[in-house]
Amino acid sequence: MVRPERRTRSDFVAVALILVAVVSAAAVIWWRSDARATLSEPASEQPPVASAPAGAPTSVHELWRAPSPATPVPVVADSTVVTGDGGTVLGHDPETGREHWRYSRDLPLCTVGGEWDRAVAVYRKAANCSEISSLRGGTGVRGPARNSDTQFGTRLLSDGKYLTATGDRVLESWRSDLVRTQQYGIMPALKNAGNNLRRPDCTYNSTAVGSERVAVIEDCPSDPTKRLSVLKTKPEDDEEPEEVTTAVLNGSEATAVAVSTKQTVVYLRDRGSLVVYANATGGVEAEYPLPAEGTRVPDAGVEAVAPDRVWTVNLRPVPEPEQQRAARSIAAALHRFDPTITEQSVRHGLATAGPDRPFRVAVLDDEQYQQVKDKVGDIAGATFGGLLYWHNGATTVALDAATFAPRWTVPGALGPGTLFGGELLVPVPEGIAVVDRFTGARQRVIPVDRQGYDGPISMDSAGPALLEQRGATLVALG
């Protein structure tokens, strides 16, 4: 039998010292970790979804307000209103402002945005805005997180599927798990020397996103004026940007307004024109002169644009027998949303329509549009129409979402506005104008006492609450 090894007093002392060292090291690591410096107080349950009103109100009063300098526009995530101040992100009840949840770090916020029913908070460290956290809108429970090369002054722009962080030297896009899908520019710590070195000295003055595209206005020393580049948000290789097009513009004060799969619209402030470029060639498709107001370049180069999330279904006459089939098919697709839409009513409407004057069959919200877009898109003569509301600094302009052609203007507005209760509301100095979304005609004005604030206003809504971002303050009206 092997005699067991005898342990001495020195052995026990050595083991004790090792344990003390391990515990001490763990304590130091925890003390210096992000976990110790993070406070997370999620909600115990998902709050109920508040219903939106059936129409715009006749009057409003202030429900609540909260400091929110980290949100350039109102942030609504899963029916919760999100604010950001200092290092703290809060989720509020839309009607009362009561705090649902809280998330706080000992770092200052760079910005807060919203996508995928989550709030996305970007925190600042010494070199950049590198700490990205996502929080479920209803509860504040932490979701995916990442480290990033995002720059100071960044904005988070959503195209409905991807989130893009802007920057004057580098920008990048993320999918819903916060995995990066593309990065464009020169990173602070250059990892891939082959990444976008064709124009290494350019800076990025303006960014717009849409339809899985990113439009960037570049200022390059070798170009006589500004340059427009359009990128895929999800290229084949996430280490190599994929340009759809790039072209030198005919203006030196340019900002990107909106981008789609086929077109990009740019505001050339020095020319006083809204110019539509073809993504396939970089050539000019159309130019629309605009009034000279609103010449100031927006902060972070991000134009104030709001989609209305409402779609019109239009039908143009086509030769028989296709027209009969088109009337039958479109009535079958849309009758469930509006029982008055029948084959007979569609054919009656087509009798007064023409190639340049289509018959407006229906108006759909975004959820209805998603349900029938493929079916209606295959019907001969059928098209969808939507609007984007753009504020150029002094005027709200409605742009056709398909062509980017201006449809109407609201002079003297303070922001692009939002849909609320099925009606378009636009902030104006005396209150909130109720505007016909098809013609731009002011129907009435809801008085609002903004207590002396007369700056730009971004709007949104959550349930019955109408939201205004007034500078560094978020105000809820109802």
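The values are calculated or read from the model by the stated rules, or taken from the named source; none is laboratory data. All of these numbers come straight from a predicted model, not from anything done at the bench. A quick note on method: Cβ atoms are made from the backbone with ideal geometry, for glycine too, and the neighbour counts reach across all protein chains shown.
I need a count of the residues in segment 326-374 that are hydroxyl-bearing (S, T, Y) and modelled with pLDDT of 90 or more.
4
Determine if segment 64-83 includes at least one residue that is modelled with pLDDT of 95 or more and farther than 22 Å from V122 by Cα.
yes
Looking at this structure, is E287 surrounded by fewer than 17 Cβ atoms within 10 Å (Cβ to Cβ) and part of a loop (DSSP other than H, G, I, E, B)?
no
For R328, are the conditions met, namely being touching a helix residue (DSSP H, G or I) at 6+ places or on another chain (Cβ under 6 Å), part of a helix (DSSP H, G or I), surrounded by fewer than 19 Cβ atoms within 10 Å (Cβ to Cβ) and not assigned by TED's automatic domain parsing to the domain that holds L157?
So R328 fits the description; yes.
So G385 clears everything in (1) crowded, with 17+ Cβ neighbours inside 10 Å; (2) modelled with pLDDT of 90 or more; (3) not aromatic (F, W, Y) except one condition, right? Which one?
If we test G385 against (1) crowded, with 17+ Cβ neighbours inside 10 Å; (2) modelled with pLDDT of 90 or more; (3) not aromatic (F, W, Y), just (2) comes out false.
Of G113, G86, G153, which residue is surrounded by fewer than 16 Cβ atoms within 10 Å (Cβ to Cβ) and either hydroxyl-bearing (S, T, Y) or closer than 30 Å to R199 by Cα (or both)?
The unique qualifying residue is G153.
Only one of D299, D270 is farther than 17 Å from T207 by Cβ and among the acidic types (D, E); which?
The unique qualifying residue is D270.
Only one of T96, T139, T154, T181 is of a type in the set (S, T, N, Q), in a loop (DSSP other than H, G, I, E, B) and touching a Ser or Thr at 6+ places or on another chain (Cβ under 6 Å); which?
On the way: T96 fails: touching a Ser or Thr at 6+ places or on another chain (Cβ under 6 Å); T139 fails: touching a Ser or Thr at 6+ places or on another chain (Cβ under 6 Å); T181 fails: in a loop (DSSP other than H, G, I, E, B).
From the options T96, T139, T154, T181, the qualifying one is T154.
I need a count of the residues in segment 244-259 that are in a loop (DSSP other than H, G, I, E, B), in contact with a Lys or Arg (Cβ under 7 Å, 6 or more places away or on another chain) and of a type outside the set (A, V, I, L, M).
Going through segment 244-259, the residues in a loop (DSSP other than H, G, I, E, B) turn out to be 249-253.
Add one more test, that the residue is in contact with a Lys or Arg (Cβ under 7 Å, 6 or more places away or on another chain), and what stays is 249, 251-253.
Filter once more, keeping what is of a type outside the set (A, V, I, L, M): 251-253.
Adding up the residues that qualify gives 3.
Table: residues versus (1) farther than 30 Å from N279 by Cα; (2) surrounded by fewer than 23 Cβ atoms within 10 Å (Cβ to Cβ).
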{"site": "L107", "(1), (2)": "yes, yes"}
{"site": "L135", "(1), (2)": "yes, no"}
{"site": "G140", "(1), (2)": "yes, no"}
{"site": "S158", "(1), (2)": "no, yes"}
{"site": "D168", "(1), (2)": "no, yes"}
{"site": "S173", "(1), (2)": "no, no"}
{"site": "T203", "(1), (2)": "no, yes"}
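Please find, among V265, V257, V310, the residue that is within 27 Å of D356 (Cα to Cα) and touching a helix residue (DSSP H, G or I) at 6+ places or on another chain (Cβ under 9 Å).
V310
Which one is nearest to V73 (Cα to Cα) among residues in segment 445-478 that are free of Cβ contacts under 8 Å to residues at least 40 places away in the same chain and part of a strand (DSSP E or B)?
Per the criteria, the residue is R470.
Among the residues of segment 373-408, what is the count of those that are under 21 Å from the mean Cα position of the chain (by Cα) and at positive phi?
The total comes to 2.
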